[in-house]
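Okay, structure first, notes after.
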Amino acid sequence: MISNGIDLIEIDRFSSLINNKTFLDKNFSINELAYLNKHHNIQTLAGLYASKEAFLKALGVSLDGYDFKNIEILHNDKGKPYINLIKKDIDYKNISLSISHDNNIVIASVIILF
């Protein structure tokens, strides 16, 4: 079975959140926070968040009760983003992730192969 999810976010929504430690600590892993510190920009923050929302949409679950810190958005040595589930609570074969941004919009797409 294949499932997909997509999320589109206005980047400006995150302008006040990039320095909000409570928001960052609640939604991002230590590895993601390190990546954000290195690439300190609103587009990156919005892209990571949109990726997590797209993943949950692909699963067909709501944001309520699901720990965003369990969904870790990492990057391989060539910069390609991928999803690492810290708590392996779903049985899947493969997860694909694509993130793009332009002007004030970021979009993330997730495909899960079960």
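Each value in this text was obtained by applying a stated rule to the coordinates, not by laboratory testing. Quick caveat: nothing in here was measured; it's all calculated off a predicted structure. Positions of Cβ are generated from backbone atoms using ideal geometry, with glycine treated the same way; all protein chains shown enter the neighbour counts.
Among Phe14, Phe28, Phe55, which one shows the highest mean-square fluctuation when the chain is modelled as a Gaussian network with alpha-carbon springs under 10 Å? Residue with maximal mean-square fluctuation among Phe14, Phe28, Phe55: Phe14. Any idea which of Ser16, Gly60, Ile30 is furthest toward the positive side of the dipole for region 2-113, if Lys and Arg beta-carbons carry +1 and Asp and Glu beta-carbons -1? Checking the options against the dipole of region 2-113, the answer is Ile30.
Taking trypsin sites (Lys or Arg not before Pro) that fall in a DSSP loop and have at most 14 other Cβ atoms within 10 Å as cut points, what is the longest piece of the chain between them? The answer is 1-77.
Each Lys and Arg adds +1 at its Cβ and each Asp and Glu adds -1 at its Cβ; summed about the Cα centre, region 39-102 shows a dipole of about 180 debye.
Using percent of Cα pairs over 21 Å apart as the read-out, say which of (i) 31; (ii) 41; (iii) 57 was calculated from these coordinates. Computing percent of Cα pairs over 21 Å apart and matching it to (i) 31; (ii) 41; (iii) 57 gives (i). Helix content alone sets the calculated 222 nm mean residue ellipticity of the chain: runs of n ≥ 4 DSSP H residues at -39500 (n - 2.57) each, divided across all residues, give -9000 deg cm²/dmol. For the chain, modelled as a GNM whose springs connect Cα atoms under 10 angstrom apart, the maximal fluctuation among Ile18, Ile90, Ile99 occurs at Ile90.
With Cα atoms defining each centre, region 1-54 and region 86-112 are spaced 12 Å apart in the structure. About the centre of its Cα atoms, the chain shows a dipole size close to 240 debye [charges on the beta carbon of Lys, Arg (+1) and Asp, Glu (-1) only; nearest 20 debye].
Residues Glu32, Glu10, Glu53, ranked from the fewest to the most other C-beta atoms within 10 Å, line up as Glu10, Glu53, Glu32. Pairs exceeding 19 Å between alpha-carbon atoms, taken from Lys26/Lys87; Lys21/Lys88; Lys38/Lys78; Lys57/Lys80; Lys26/Lys80: Lys21/Lys88; Lys57/Lys80; Lys26/Lys80.
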